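K.L.:
Have a look at the structure that comes next, please.
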Amino acid sequence: MIEFVQDNEERIFQALDQDVGKHPVEAYRDEVGVVAKSAKLSLSCVEKWMAPRKGDLPLVFFPASAQVMPEPFGVVLIMGSWNFPISLTLDPLIAAISAGNAVVLKPSELSPTCSSFLAENIPKYLDPKSIKVIEGGIDVCEQLLQQKWDKIFFTGSQRVGRIVMTAAAQHLTPVTLELGGKSPAIMDSSSNPTNMKVIAKRIVGAKWGSCSGQACIAIDYLLVEERFASDLIDLLAKTIKQFYGENPRESKSYCKIVNKNNFKRLLDLLKDPLVEASVAYGGSVDEEKMYIEPTILLNPPLDSQIMTEEIFGPLLPIITLDDIYESIDFISSRPKPLAIYAFTRDEKFKKQILSRTSSGSVTFNDTLLQFLCDSLPFGGVGQSGFGRYHGKYSFDTFSHEKAILQRGFFPELEPRYPPWNSFKLHFIKLAYAFNYIGLILLLLGLKK
Amino acid sequence: MATTEEGKTVFDVEAANVLSKELRDVFASGKTRSYEWRISQLKSIVKMCDEHEEDIADALRQDLSKPQLESIVYELTMVKNSCTLAIKELKHWMMPEKAKTSLTTFPSSAEIMSEPLGAVLIISAWNYPFLLSLDPLVAAIAAGNAMVLKPSELAPASSSLLAKLLPKYLDCCSIKVVEGAVSETCALLEQKWDKIFYTGNGRVGRIVMAAAAKYLTPVVLELGGKSPVVVDSDIDIQVATRRIIVGKWGCNNGQACISPDYIITTKDCAEKLVDSLKKELEAFYGKNPLESKDLSRIVNSDHYARLTNLLDEDKVSGKIVYGGERNEANLRIAPTILLGVPQNSLIMKEEIFGPLLPILTVSKIEDSFDIINSGTKPLAAYLFTNNKKLKQQFLMSVSAGGVVINDTALHLTVHSLPFGGVGESGMGSYHGKFSFDAFTHKKAVVYRSFVGDASVRYPPYTRGKLRLMRALITGNVWTILRALLGWS
């Protein structure tokens with residue numbers, strides 16, 4: 001896998017440019033680099049991960065040993081997504097391989113160049129008998145899902161997630177669902193007066209810098225106190241210009257919308273007259289180039305589609321609040337997102353965010369970084385999915401933890417066996433409570 | 001709740017909806033999250049078990065004629081142990097776990113926070129109606145959730161005792177009990193839950209998971225399967241026999257998910273084993289086991305009919321070498337051993353879940369692996385041997401929820417081992433810390449400051465940024481320095 005990535009870096013860059021117009025830097029940061037890093041980490045840790053772990057045992061069992069032994073599930077199915085067609089396909093593959101499974105990989109048909117690139121080249125680098133790449137659309141997915149798998153790992157939308165889990169239920173197959181959701185960013189301006197520039201960069205980076213907002217951990221909407229809203233919009237606009245120039249349409253650093261369907265979906269979000277009226281920056285589109293300008297909306301109606309559905313594109317609604325503490329109720333009254341970002345220096349506020357909202361992850365004062373931490377589990381909760389991966393969690397996701405207890409034949413504890421009487425009952429009660437002194441007294445006949 | 005003609009209230013979808021909303025509101029209030037709430041509920045469960053030991057044993061006697069010792073040891077003591085462990089460890093379990101951060105994200109700190117999932121549904125089974133209801137309940141409480149418990153309608157005395165006792169001892173706003181059968185369960189399954197914990201069979205497991213898919217709810221399925229016992233010839237046969245007997249008939253007369261389902265042994269060992277089983281069974285349960293007070297009865301007439309069907313199949317009925325006695329009037333079936341049943345018989349295709357124990361013979365003990373692996377993955381696999389190599393082979397080639405060498409069923413009582421199935425025997429695990437984790441979301445938290453903002457992260461992108469990015473992601477200090485200095 002490491003070789004595959006090294007040899008094919010340029011070709012991967014080209015494929016990504018073709019499918020979603022990703023710049024090589026972005027492609028390296030979000031795709032090639034992620035895969036290389038993950039493969040290297042697995043390589044250096046897999047021996048440690050595979051080793052059985054000892055479990056503690058109470059003395060009554062003596063002599064005995066307890067172990068937890070990771071065991072591969074068997075034959076697993078991985079369904080990738082189109083927004084990060086390399087990393088979100090190959091990172092789970094690395095996980096499944098580390099855990100020792102045979103794998104069928106189904107790249108997304110919506111990123112056709114990457115899909116066929118993987119289908120063509122993976123068999124050249126990896127054992128083609130144990131790792132198969134199957135290309136295709138919905139009909140192929142349906143056929144694959146009818147088969148019995150020992151694990152299914154799916155990255156994508158909630159709608160398809162439900163279909164995958166329903167199909168998995170027929171065979172009692174465990175699933176990991178990596179979905180998305182409306183990930184909010186909270187901007188507590190009053191506690192952060194001096195760092196506005198850095199914050200603006202991090203917000204723009206997390207909205208438009210990652211596949212033009214077509215990322216599951218991209219910022220979906222922004223919460224800010226009313227009095228800071230217009231300053232924030234100005235600053236964001238400035239940062240956008242700094243990143244993508246006066247005309248982002250020409251920028252090589254800005255991704256296109258993946259396909260016509262998504263382009264139309266995003267335009268529909270904007271079409272609602274009340275939403276259209278709320279556009280505060282940007283809003284221009286070019287259908288030929290599948291381009292939508294970085295767009296900021298100020299207070300679109302909360303019941304409009306743009307605020308009820310995951311946006312997954314370069315539109316950023318800003319919702320203003322009287323007091324930034326209201327953001328906690330705002331978030332917790334909606335489905336659980338995959339990520340929450342909060343820019344604040346207020347420790348009390350941080351604590352409240354952590355304890356009163358639920359999300360896959362919380363990142364303070366930055367964006368997207370949680371994805372890069374191998375020591376952190378990456379995955380959703382509630383509507384944003386379940387199951388987790390990255391680092392050791394990747395290995396665990398594709399392993400069954402087999403419990404093992406080993407005993408000798410001696411000594412035998414007579415009271416374990418029927419016919420039952422009150423002495424035996426007493427004995428076992430004490431043994432369960434690990435009351436060894438009581439046990440000795442009982443055996444000596446000193447205790448009733 | 002709707003009302004029937006007889007004036008009885010019915011638990012329908014609407015009632016289930018109200019109930020789930022109530023639980024959701026309680027959870028949102030934050031009440032169940034506090035350490036104090038969790039501890040007080042756990043202590044109350046211990047108190048309930050202590051104060052109602054007799055009532056619980058009585059209910060189990062009514063439902064299953066379960067021997068008092070089994071009731072107290074396998075149901076009550078196990079639950080109390082789970083509570084004691086949770087009370088002792090909870091602070092530690094709840095603490096956020098520090099996570100290492102890499103150079104890539106420097107300067108930063110990270111932790112993993114254990115967060116309750118929300119409102120959860122626990123559907124339990126009839127064979128250990130207290131243990132399999134209260135043990136997951138303890139887990140859900142320890143993790144700080146609001147919950148509803150649906151005990152099995154097939155153990156009615158236990159179910160109604162739980163419905164009576166739990167509201168008396170536990171916070172009845174956050175912990176609800178719904179009694180009922182299929183329609184009540186369906187009504188509950190139509191609601192959105194944050195976790196469903198189901199103990200039972202694969203058929204219903206599929207229904208539960210498909211229902212959960214509608215709301216993307218994660219599930220734990222504790223199912224069963226045909227758990228094999230492989231008996232090698234080089235062992236202390238008497239000890240092995242006795243350990244098999246307590247695991248099989250001594251656990252609710254074979255009606256347990258980890259109960260040995262069948263034995264595989266070598267041809268020359270089979271006779272010795274059968275003799276030893278006969279001898280020890282008689283020592284344990286007397287000459288007339290149908291009268292023994294130390295054996296549970298079959299739970300109901302449906303299961304009685306299912307089991308006698310297995311026995312009465314043409315190619316099976318002639319294979320009984322011990323037992324076979326039955327009494328339909330009081331739903332009793334004696335411990336029964338069958339030798340050499342064909343592998344295509346019903347008794348070898350279905351999970352037996354009763355007092356029948358078929359023995360298969362192979363010429364080489366290693367052949368047993370193929371027999372086991374030709375079926376679905378069982379919840380437990382047992383091996384009796386002194387042969388180190390065989391042990392290793394068994395561990396490597398047999399997949400099961402848990403494996404016990406030279407004993408049966410004991411792994412259930414070890415808190416440091418995860419208890420749960422794989423494949424057809426289920427998914428997810430619990431016991432000890434695993435119980436807490438089963439009802440917990442692991443939230444990743446990253447703290448950053450505003451220094452150390454590398455412009456390389458941001459557009460406009462250049463080739464130089466690509467070099468630096470490569471260095472940063474690999475996290476190698478020297479490569480980073482080189483890239484910064486423009487050397488690479």
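Rule-based calculations on the coordinates, nothing more; no lab input. In this text the structure is predicted, and so the values were computed from the model without any measurement. FYI the Cβ positions are ideal-geometry reconstructions off the backbone, even for glycines, and counts take in every protein chain you see.
K.L.:
Percent of Cα-Cα pairs per 20 Å bin, from 0 to the last occupied bin, for chain A, please list those.
P.N.:
Cα pair-distance distribution for chain A, in percent: 23, 46, 21, 9, 1.
K.L.:
May I pose another question? Which ³J(HN,Hα) values, rounded to whole Hz and listed in residue order, are derived for region B:146-153 from phi using the Karplus coefficients 6.51, -1.76 and 1.60 in 6.51 cos²θ - 1.76 cosθ + 1.60 with θ = phi - 60°, glycine and proline given as x?
P.N.:
Ordered by residue, 3J(HN,Hα) equals 8, 8, 10, 10, 10, x, 6, 6 Hz.
K.L.:
Right, another one. Give the long-range amide H neighbours of residue A:345: residues separated by 5 or more places, or on another chain, with amide H under 5 Å away, using H modelled in the peptide plane at 1.01 Å from N.
P.N.:
A:191
K.L.:
What's the angle, to the nearest 10 degrees (0 to 90), between helix A:196-207's Cα axis and the longest principal axis of chain A?
P.N.:
80 degrees
K.L.:
Quick check: the angle from helix A:158-169's long axis to the longest principal axis of chain A, C-alpha only, nearest 10 degrees?
P.N.:
Orientation of helix A:158-169: about 30 degrees from the principal axis.
K.L.:
So which lysines can residue A:40 reach, going by Cα to Cα under 16 Å and dropping same-chain residues fewer than 8 places off?
P.N.:
Correct list for residue A:40: A:48, A:392.
K.L.:
Quick one: what are the phi-derived ³J(HN,Hα) couplings along region B:73-82, Karplus 6.51/-1.76/1.60 with θ = phi - 60°, whole Hz, x for glycine and proline?
P.N.:
6, 7, 9, 6, 4, 4, 4, 4, 4, 4
K.L.:
Could you run the Karplus curve 6.51 cos²θ - 1.76 cosθ + 1.60 with θ = phi - 60° over region B:222-228 and give me ³J(HN,Hα) per residue in whole Hz, x for Gly and Pro?
P.N.:
Result, rounded to whole Hz: 9, 10, x, x, 8, 7, x.
K.L.:
Something else about it: Please work out the C-alpha center-to-center distance from region A:1-73 to region B:256-329 and express it in whole Å.
P.N.:
49 Å
K.L.:
For residue B:261, what residues show an amide H to amide H distance below 5 Å, using hydrogens built from the backbone and excluding near sequence neighbours?
P.N.:
Here the answer is B:227, B:229, since their amide H atoms fall under 5 Å of that of residue B:261.
K.L.:
Given an 8 Å cut-off on Cα distances and at least 6 residues of separation, report the relative contact order of region B:374-451 as a percent. Intermediate results must be reported in sequence, preceding the final value.
P.N.:
Working: 106 pairs, mean separation 20.9, N = 78.
Result for region B:374-451 is 27 percent.
K.L.:
Still on this model: For the pairs A:429/B:47; A:264/B:214; B:47/B:98; A:241/A:289, flag any whose C-alpha to C-alpha distance is greater than 25 Å.
P.N.:
Numbers: A:429/B:47 16 Å; A:264/B:214 27 Å; B:47/B:98 35 Å; A:241/A:289 19 Å.
In this structure, A:264/B:214; B:47/B:98 exceed 25 Å between Cα atoms.
K.L.:
While we're looking at this one, here's another question. By how many degrees, between 0 and 90 and to the nearest 10, does the Cα long axis of helix B:131-142 differ from the longest principal axis of chain B?
P.N.:
Roughly 10 degrees between the two axes.
K.L.:
Please list the non-local residues whose amide H lies under 5 Å from the amide H of residue A:281, H modeled 1.01 Å from N, same-chain partners needing a gap of 5 or more.
P.N.:
Here A:296 satisfy the definition.
K.L.:
Which of the residue pairs A:350/B:442; A:201/B:465; A:148/B:195; A:22/A:106; A:37/A:151; A:207/B:195 have a Cα-Cα distance greater than 26 Å in the structure shown? Display every interim value, and only then the final one.
P.N.:
Working: A:350/B:442 17 Å; A:201/B:465 16 Å; A:148/B:195 24 Å; A:22/A:106 21 Å; A:37/A:151 24 Å; A:207/B:195 32 Å.
Flagged as over cut-off: A:207/B:195.
K.L.:
Anyone know which of A:167, A:206, A:27 comes out most mobile in the 10 Å Cα GNM of chain A?
P.N.:
A:167
K.L.:
What ranking do A:252, B:100, A:197 get, fewest neighbouring Cβ atoms within 10 angstrom at the top? Can you show the working numbers first?
P.N.:
On the way: A:252 17, B:100 11, A:197 14.
Listing A:252, B:100, A:197 from fewest to most nearby Cβ atoms yields B:100, A:197, A:252.
K.L.:
So which trypsin sites (Lys or Arg not before Pro) in region B:1-86 pass both tests, a DSSP loop state and at most 12 other Cβ atoms within 10 Å of the Cβ? Display every interim value, and only then the final one.
P.N.:
Numbers: sites: B:8, B:21, B:24, B:31, B:33, B:38, B:43, B:47, B:61, B:80; in loops: B:8.
Of the trypsin sites (Lys or Arg not before Pro), the ones in loops of region B:1-86 whose Cβ has at most 12 other Cβ atoms within 10 Å are B:8.
K.L.:
Further question: Please state, as a whole number in µm²/s, the translational diffusion coefficient that the Stokes-Einstein equation yields for the protein assembly as shown at 25 °C and 0.890 mPa s, with Rh defined as the Kirkwood radius across alpha carbon pairs. Intermediate values should be presented prior to the final figure.
P.N.:
Values: Rh = 29.7 Å.
D = 83 µm²/s.
K.L.:
For an R0 of 51 angstrom, estimate the FRET efficiency from the Cβ-Cβ distance between residue A:6 and residue B:25 and round to the nearest 0.05.
P.N.:
Numbers: r = 55 Å, r/R0 = 1.07.
Plugging the Cβ-Cβ distance into 1/(1 + (r/R0)^6) gives 0.40.
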